[in-house]
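The values are calculated or read from the model by the stated rules, or taken from the named source; none is laboratory data. Small disclaimer: the values here were computed from a predicted structure and weren't measured. Cβ sites come from the backbone with ideal geometry, for glycine too, and all protein chains shown count toward neighbours.
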């Protein structure tokens, strides 16, 4: 596989998969992760699933070109609905919105309940995704941040279990990231604070009846973010 395929995010996701585990890569795109994991010898079996035919066709070509047809099974369909309960131990869902990931998980409870680990890389809506996980029998065992091509990406690792529900700011930033004071956390917090400051300024100019209530809520959220940022320096 070329260097452009084995990128930082792929390698970071691969770190959370244990040797010999059977994985389901949901929204596999071109199947780069399953191909890398099998080629590296870390796993021997994977299910590569996608709801779109074109990327799955490319994934099929990649699997065939690498002579991995016996190791990687491709499936066309919607999220975890492509799986039977117990077929996979770990599900990966990367590069899609947090709301989309949440829907994939909640739409297939029978399959979800047989998984032992979720490796998630949401593109936004991290707080809602974390909240859903904590309210539905999952605990956040680890989190990571990856800087690539000018962007900071969040990785969330969840396993079945129970954990307290955190406030909105901690859910947005990430409890494990805060605990370990991740080196990229100050930059992430800087971007979030900038975003909320812009939103506050916009609401201050608004004449809508509900603007004052939203403004007060945003100011409290911003103040709490700044408090967390101060502790993470």
Condition met for residue 17 (under 14 Å from the mean Cα position of the chain (by Cα), surrounded by 16 or more Cβ atoms within 10 Å (Cβ to Cβ), at pLDDT 95 or above and outside any strand (DSSP E or B)): no
Only one of these conditions is not met by residue 8: (1) farther than 23 Å from residue 107 by Cα; (2) more than 20 Å from the chain's Cα centre (by Cα); (3) touching a residue at least 12 places away in the same chain (Cβ under 8 Å); (4) loosely packed, with under 15 Cβ neighbours inside 10 Å. Which number is it? (2)
Within segment 46-72, the residues that are surrounded by fewer than 23 Cβ atoms within 10 Å (Cβ to Cβ) and under 19 Å from residue 94 (Cβ atoms) are 47, 51, 52, 54, 55, 56, 58, 62
Within segment 171-186, which residues are in a loop (DSSP other than H, G, I, E, B) and under 15 Å from the mean Cα position of the chain (by Cα)? 174
Residues to consider are 188, 177; find the one that is out of contact with any helix residue (DSSP H, G or I) (no Cβ under 6 Å at 6 or more places or on another chain), crowded, with 18+ Cβ neighbours inside 10 Å and in contact (Cβ under 8 Å) with a residue 12 or more places away in the chain. 188
Among the residues in segment 96-113, are any under 20 Å from residue 146 (Cα atoms) and surrounded by fewer than 22 Cβ atoms within 10 Å (Cβ to Cβ)? yes
Since residue 203 meets every condition but one in (1) touching a helix residue (DSSP H, G or I) at 6+ places or on another chain (Cβ under 7 Å); (2) part of a helix (DSSP H, G or I); (3) closer than 28 Å to residue 135 by Cα, which condition does it not meet? (3)
